[in-house]
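**Q** Structure incoming, see below.
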Amino acid sequence: MKVFWQRAVLILSLALMSASAFAAQQAYKLHVDGLACPFCAYGIEKKLNAIKGVQKIEVDIATGTVGVTMTEGASLDEVTAQQAVKDAGFTLRKFEPAQPATQTK
């Protein structure tokens, strides 16, 4: 009976750990055509920040990419990202999942 309870606790622990992995932060890399200046970066940041669950945005004007990190449990779909980019006056060339940036204090 002791072995049964040990296995039950182990299985429950593994289930809880895997559930927390699914709730981890999601990050995305958007390749945007037309980013040329800090004003462009501000415009796209403003539109993307209006999306529920967006935690952090990093614009790289030189490469034309925008990193979007979502809050834990939130996600971003391509259609929503495309509309926000379009509303900012740009074109979304590519949408891909990315690794969330590590937070430094």
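The values are calculated or read from the model by the stated rules, or taken from the named source; none is laboratory data. Note that the coordinates shown come from a computational prediction; the quantities given were computed from them, not determined experimentally. Note that we place each Cβ from the backbone using ideal geometry, even for glycine, and neighbour counts take in every protein chain shown.
**Q** What's the number of the condition GLY89 fails, among (1) at negative phi; (2) in a loop (DSSP other than H, G, I, E, B); (3) not acidic (Asp, Glu)?
**A** Of (1) at negative phi; (2) in a loop (DSSP other than H, G, I, E, B); (3) not acidic (Asp, Glu), only one is false for GLY89: (1).
**Q** Being over 14 Å from the mean Cα position of the chain (by Cα) and either outside any loop (DSSP other than H, G, I, E, B) or modelled with pLDDT under 70 (or both): is that true of TYR28 here? Explain how you work it out, then say what you get.
**A** Values: over 14 Å from the mean Cα position of the chain (by Cα): no; either outside any loop (DSSP other than H, G, I, E, B) or modelled with pLDDT under 70 (or both): yes.
Spelling it out, it is not the case that TYR28 is over 14 Å from the mean Cα position of the chain (by Cα) and either outside any loop (DSSP other than H, G, I, E, B) or modelled with pLDDT under 70 (or both).
**Q** Shifting gears a bit: Out of LYS56, LYS46, LYS86, which single residue is within 14 Å of ALA98 (Cα to Cα) and either modelled with pLDDT of 95 or more or surrounded by fewer than 13 Cβ atoms within 10 Å (Cβ to Cβ) (or both)?
**A** Details: LYS46 fails: within 14 Å of ALA98 (Cα to Cα); LYS86 fails: within 14 Å of ALA98 (Cα to Cα).
It is LYS56.
**Q** Residues of the stretch 59-78 being assigned to a loop (DSSP other than H, G, I, E, B), on the phi < 0 side of the Ramachandran plot and exposed (fewer than 14 other Cβ atoms within 10 Å of the Cβ), which ones? Let's see the steps before the verdict.
**A** To start, the set of residues in the stretch 59-78 that are assigned to a loop (DSSP other than H, G, I, E, B) comprises 61-64, 71-77.
Applying the additional criterion that residues be on the phi < 0 side of the Ramachandran plot yields 61-63, 71-72, 74-77.
ALA62, THR63, THR71, GLU72, SER75, ASP77 - these are the residues of the stretch 59-78 that are assigned to a loop (DSSP other than H, G, I, E, B), on the phi < 0 side of the Ramachandran plot and exposed (fewer than 14 other Cβ atoms within 10 Å of the Cβ).
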